[in-house]
Amino acid sequence: MGPNGSGKSTLANVIAGKEDYQIDQGRIALEGQEITALSPEERAHRGLFLAFQYPIEIPGVSNMEFLKAAVDSHARATGKPEISTVDFMKTARSAAEQLGLNPEFLKRGVNEGFSGGEKKRNEILQMLMLNPKVSILDETDSGLDIDALRTVANGVSAFSNETNAVVLVTHYQRLLDHIEPDFVHVIANGTIVRSGDRSLALELEEKGYGWLEDP
């Protein structure tokens, strides 16, 4: 959590390997393995996933084609057999329904003509299909109405277990009404200035971020 411009999205993008950033110091490790020098796709194959704050549209490429290509690429990179088209379609339709997305959306261009909430749910659909070890969800709650927020939160909660981790980036406590966090970290000016449990998020909801400027 943290105020606008505090570095939340920057941190998420750096971890995911966005090439616009240069790392001057520090390291990024996943399950003890150094990934700092790896490309975004190599990091993804190691089990890292980033849901974008502003998902882009990819006209002409259907959701089904996009997801199948991503899942197959991940399988090849990890030495696993590719899933059959029939099994893939069953899994994708089930995941879409779980998130309140009409399965017909799978036939449409990636995010093409989707509402803001549908784009965010589509990001969670990608997460469910790829089954990453670490998912970074950058302000997934922004642009969601109450029902969509609850649906997305349920999807995230159902996905999170002892073998994977979810990092939620958010401004607001409202998402945590539906997801119980293990830890809450607050970033200000590019630095983690407070850490705690859900009670810290409730305190931020009450006081705002101003009091953090004088820790």
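Beta carbons closer than 9 Å, at least 6 apart along the sequence or on distinct chains, pair a first residue in the stretch 178-203 that is over 20 Å from V156 (Cβ atoms) with a second that is among the polar types (S, T, N, Q) and assigned to a helix (DSSP H, G or I) for G190/T10. Check the stretch 4-12 and report whether any residue there is surrounded by fewer than 17 Cβ atoms within 10 Å (Cβ to Cβ) and farther than 22 Å from V184 by Cα. Within the stretch 4-12, none of the residues are surrounded by fewer than 17 Cβ atoms within 10 Å (Cβ to Cβ) and farther than 22 Å from V184 by Cα.
The residue pairs whose first member lies in the stretch 108-120 and is in contact (Cβ under 8 Å) with a residue 60 or more places away in the chain, whose second member is hydroxyl-bearing (S, T, Y) and in a loop (DSSP other than H, G, I, E, B), and whose beta carbons are closer than 8 Å, counting only pairs six or more residues apart or on different chains, are K120/T140; K120/S142. Of the residues making up the stretch 156-215, those that are over 18 Å from the mean Cα position of the chain (by Cα), among the small types (G, A, S), in a helix (DSSP H, G or I) and surrounded by 13 or more Cβ atoms within 10 Å (Cβ to Cβ) number 1.
Going by what's in this entry, would V152 be described as touching a residue at least 40 places away in the same chain (Cβ under 8 Å), crowded, with 20+ Cβ neighbours inside 10 Å and more than 17 Å from Q98 (Cα to Cα)? So V152 fails the test. The single residue among S6, S39 that is under 20 Å from M127 (Cα atoms) and polar (S, T, N, Q) turns out to be S39.
Just name the residue that is farthest from N13 (Cα to Cα) out of those in the stretch 107-139 that are of a type in the set (D, E, K, R) and touching a strand residue (DSSP E or B) at 6+ places or on another chain (Cβ under 9 Å). Only one residue tops the list, namely K107.
Cβ separations smaller than 6 Å between residues 6+ apart or across chains give the following pairs from the stretch 27-52 residues that are under 20 Å from L67 (Cα atoms) to residues that are hydrophobic (A, V, I, L, M, F, W, C) and part of a strand (DSSP E or B): R46/L30; L48/V134; L50/I136; A51/L137. Here D72 meets the list (1) closer than 27 Å to K18 by Cβ; (2) at pLDDT below 95; (3) of a type in the set (D, E, K, R) almost entirely, failing just condition (2). The residues on offer are E82, E65, E104, and the sole one that is out of contact with any strand residue (DSSP E or B) (no Cβ under 7 Å at 6 or more places or on another chain), without any contact (Cβ under 8 Å) to a residue 24 or more places away in the chain, charged (D, E, K, R) and not in a helix (DSSP H, G or I) is E82.
The values are calculated or read from the model by the stated rules, or taken from the named source; none is laboratory data. Not measured: the values here are computed from a predicted model. Positions of Cβ are backbone-derived with ideal geometry, glycine not excepted, and every protein chain shown enters the neighbour counts.
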